[in-house]
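Enquirer: Sharing a structure with you now.
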Amino acid sequence: MNVFESIVLGLIQGLTEFLPVSSSGHLQIAKALLGVEIQENLTFDVTLHVATVLSTLLVLRKEVGDLLRGVLKFQMNEQTQYFFKILLSMIPIGIVGICLKDQINEMLNAPYILVIVGAMLLLTAVLLTFATYAKPRIKEKISYRDAFIIGLGQALAAMPGLSRSGTTIATGLLLGNKKESVAHFSFLMVILPILGEAFLEVIGGEMAMGAEIGLWPLVAGFVSAFAAGTFACRFMIEIVKRSKLVWFAVYCAIVGSISIISYFA
């Protein structure tokens, strides 16, 4: 992988991490189109995910700051409860990460990955369509129950091609939560799992295993993903507020179909 290819992949990751079109799916499609082969797919992907996490912290710095100040009061206030809901939502993806990490990495390197990505993009389209037209009773706050169910959606989105943001936002909306609240929760709940995954890779020496990628391509991908993610995070919050998810459903359906067809063509 050269620097140009890593920049392109970083831009794709940054834009699609927050847009409900599956960053992992688009990364696999882009790698196939560019002819990029990486033995340690997960190392490169985690590096780009860390960049988008940092862009989340930048865009939602006020919300994160308020949350931390509330938690550090060591009282069972609204911020502490919100933090516990985030922790609860992380349990399913934590289990998937511990138990199925190797299987997911093998899947990313499988020759039929474009079929999996295409099928999951079609499923993303279905979820976004349901979320667009469903009219549940709106709740004031995300409950512990809803937080865990949204977390289950995030765990399912470990499948490449199934959009994490699309799945969690659609799940939250179908449960009757407010649009802006769901968007913020969706973006905040992924911060600790991704940082935790990066930390485990570092202490486990797995980042060193990705040395074949090269330092500068990793840096270039990181910077481009951070810049694109900062833009996309702001953009997506506005999109959710305006209920424009159906257009992303159409996009996912088209790209998913093309992905499947291209494998058999």
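Coordinate-derived values only; no laboratory data. Everything numeric in this text was worked out from a predicted model, so none of it was measured. Positions of Cβ are generated from backbone atoms using ideal geometry, with glycine treated the same way; all protein chains shown enter the neighbour counts.
Enquirer: Once the dipole of the stretch 3-264 is set up with Lys and Arg at +1 and Asp and Glu at -1 on Cβ about the Cα centre, which of L108, L174, S55 lies farthest towards its positive end?
Expert: Of L108, L174, S55, it is L174.
Enquirer: Let me ask you something else. Run the quick spin-label model on E180 and L34: label points 7 Å from Cα toward the beta carbon, then report their separation in nm to one decimal.
Expert: Distance between the two pseudo-spin positions: 3.6 nm.
Enquirer: Length gain on complete extension for the stretch R234 to V250, per 0.36 nm per residue less the alpha carbon to alpha carbon distance?
Expert: Computed gain between R234 and V250 is 3.6 nm.
Enquirer: How large is the convex hull of the Cα atoms of the chain per residue, expressed in Å³ as a whole number?
Expert: So the per-residue hull volume is 114 Å³.
Enquirer: May I ask you to order 160-168, 91-99, 216-224, 66-74 by the average number of other C-beta atoms within 10 Å around their residues, highest value first?
Expert: Highest-to-lowest ranking by the protection proxy: 160-168, 216-224, 91-99, 66-74.
Enquirer: While we're on this one: What's the FRET efficiency of N109 with L58 using the Cβ-Cβ distance as r and R₀ = 41 Å, to the nearest 0.05?
Expert: 0.80
Enquirer: Per 10 Å bin, what percent of the C-alpha pairs of the stretch 77-203 does each bin hold, from zero upward?
Expert: 13, 41, 33, 12, 1
Enquirer: Are any of the pairs K85/K244; K31/K244; K73/K244; K101/K244; K62/K244; K73/K179 more than 31 Å apart by Cα-Cα distance, and if so, which? Numbers along the way, then the final one.
Expert: On the way: K85/K244 27 Å; K31/K244 29 Å; K73/K244 38 Å; K101/K244 33 Å; K62/K244 25 Å; K73/K179 28 Å.
From the list (K85/K244; K31/K244; K73/K244; K101/K244; K62/K244; K73/K179), the Cα-Cα distance tops 31 Å for K73/K244; K101/K244.
Enquirer: Continuing with the same structure: With charges only on Cβ, +1 for K and R and -1 for D and E, what is the dipole size of the stretch 3-264 about its Cα centre, in debye, rounded to 20? Walk me through the numbers on the way to the answer.
Expert: On the way: 19 positive and 18 negative charges, 288 e Å.
About 1380 debye.
Enquirer: Just to be sure I follow the definition: excluding the sites themselves, where is the longest run in the chain that has none of the GluC sites (Glu not before Pro) in a DSSP loop with at most 15 other Cβ atoms within 10 Å?
Expert: Longest gap between qualifying sites, sites excluded: 141-265.
Enquirer: Against the longest principal axis of the chain, how steep is helix 179-188, in degrees 0 to 90 to the nearest 10, with axes from Cα atoms?
Expert: 60
Enquirer: Then there is this: Extension gain M76-F130, at 0.36 nm per residue separation less the Cα-Cα distance, in nm? Before the final figure, lay out the partial values.
Expert: Working: separation 54, 0.36 × 54 = 19.44 nm, distance 3.53 nm.
Result for the pair: 15.9 nm of gain on full extension.
Enquirer: Could you go through the stretch 142-149 in sequence order and give the Karplus-derived ³J(HN,Hα) for each residue, using 6.51 cos²θ - 1.76 cosθ + 1.60 with θ = phi - 60°, rounded to whole Hz, and x for Gly and Pro?
Expert: Calculated HN-Hα couplings, in order: 6, 7, 4, 4, 5, 4, 5, 5 Hz.
Enquirer: Under the 0.36 nm per residue contour assumption, what length would be gained going from the current alpha-carbon distance of K139 and V223 to full extension? Kindly include the intermediate steps, with their values, before the conclusion.
Expert: Values: separation 84, 0.36 × 84 = 30.24 nm, distance 3.80 nm.
Roughly 26.4 nm would be gained on extension.
Enquirer: While we're on this one: 7 Å from Cα along Cα→Cβ at both S243 and I91: what's the point-to-point distance in nm?
Expert: Output for this residue pair reads 3.3 nm.
Enquirer: So, counting K/R as plus one and D/E as minus one, what does the shell of residues with Cβ under 14 Å around K241 add up to? Don't skip to the end; give the middle numbers.
Expert: Numbers: positive: K178, K179, R234, R242, K244; negative: E180, E238.
Once positives and negatives cancel, what remains is +3.
Enquirer: In addition: Near the amide H of K139, under 5 Å away, which other amide H atoms are found, from residues 5 or more places off or on another chain, if H is placed in the peptide plane?
Expert: N177, K178
Enquirer: Something else about it: Residue by residue through the stretch 18-24, what is 3J(HN,Hα) from phi via Karplus (6.51 cos²θ - 1.76 cosθ + 1.60, θ = phi - 60°)? Round to whole Hz and write x for glycine and proline.
Expert: 9, 6, x, 10, 6, 5, 5
Enquirer: Among I261, V223, L188, flag the residue with its Cα farthest along the positive direction of the charge dipole of the chain, charges on Cβ as +1 for Lys/Arg and -1 for Asp/Glu.
Expert: It is L188.
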